[in-house]
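Shown next, in structure tokens, is the structure this report addresses.
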Amino acid sequence: MEKYKLKDYIEKLQEHNLLIEYNANSDVLNTLIDKVSYNSKEVSKNTLFVCKGLKYKPEYLDSAINLGAIAYIAEENNVTRKDFPHIIVNNIQQALALVSCIFYNFPAEKINMIGITGTKGKSTTAYYIKSILDNYMIDLHEKDTAIISSIDTYDGIIKNHYLQALNL
């Protein structure tokens, strides 16, 4: 998986009008981000820590720094360590979504999606399409397709009980 430098994250946040300000020296800006986390217990060296949520406490940031966080992202009301490299954004949820896309190399750009709308028959149509595509994937010696519906979610690995009952 390709890794990005902290400055790449900052540039994308700025492109999407999420960036308010940042404070980091050139060494930190040129550091490759090894991990993104909003759970201080999961932080390791070169983690970009995200301060988010109603239950966020400044102690979580301190813990993340002690475990190896290289910088943190927060909204203005959660800035507690101005002495540590940080990125201030105007919407932490949107920033986390964008940062996640960057970290995982924009996975939505690498998959094909089919959306089905209407009043009746959406799930039936979705399972017909899944069956057709799965048979095609078998011919290609590839994995099953995934499905997200109001009835089930199958990510290509874990089948829930409903799909198992249908032997799909």
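Some notes on this structure:
- Residue satisfying condition, being without any contact (Cβ under 8 Å) to a residue 12 or more places away in the chain and more than 30 Å from ILE129 (Cα to Cα), within set GLU15, GLU109, GLU75, GLU2: GLU15
- Some residue of the stretch 87-101 being farther than 20 Å from GLU15 by Cα, out of contact with any strand residue (DSSP E or B) (no Cβ under 6 Å at 6 or more places or on another chain) and either among the β-branched types (Val, Ile, Thr) or open to solvent by less than 70 Å² (accessible area, probe 1.4 Å) (or both): no
- Selection of the stretch 11-31 for residues being open to solvent by 90 Å² or more (accessible area, probe 1.4 Å), under 17 Å from ALA74 (Cβ atoms) and outside any loop (DSSP other than H, G, I, E, B) yields GLN14, GLU21, TYR22.
- When residues of the stretch 70-81 are limited to those that are closer than 20 Å to ASN25 by Cβ and modelled with pLDDT of 90 or more, the one most open to solvent (accessible area, probe 1.4 Å): ILE70
- Tally of residues being open to solvent by 60 Å² or more (accessible area, probe 1.4 Å), part of a loop (DSSP other than H, G, I, E, B) and farther than 15 Å from LEU6 by Cβ across the stretch 40-69: 4
- Members of the stretch 134-149 found to be of a type in the set (Val, Ile, Thr) and part of a helix (DSSP H, G or I), listed by number: ILE138
The values are calculated or read from the model by the stated rules, or taken from the named source; none is laboratory data. This one's a predicted model, so the numbers in the text were calculated from it and none came from an experiment. Neighbour counts run over all protein chains shown; Cβ positions are idealised from the backbone, glycine included. Note: areas computed on protein heavy atoms with side chains; ligands, DNA, RNA excluded. Shrake-Rupley method; radii C 1.70, N 1.55, O 1.52, S 1.80 Å.
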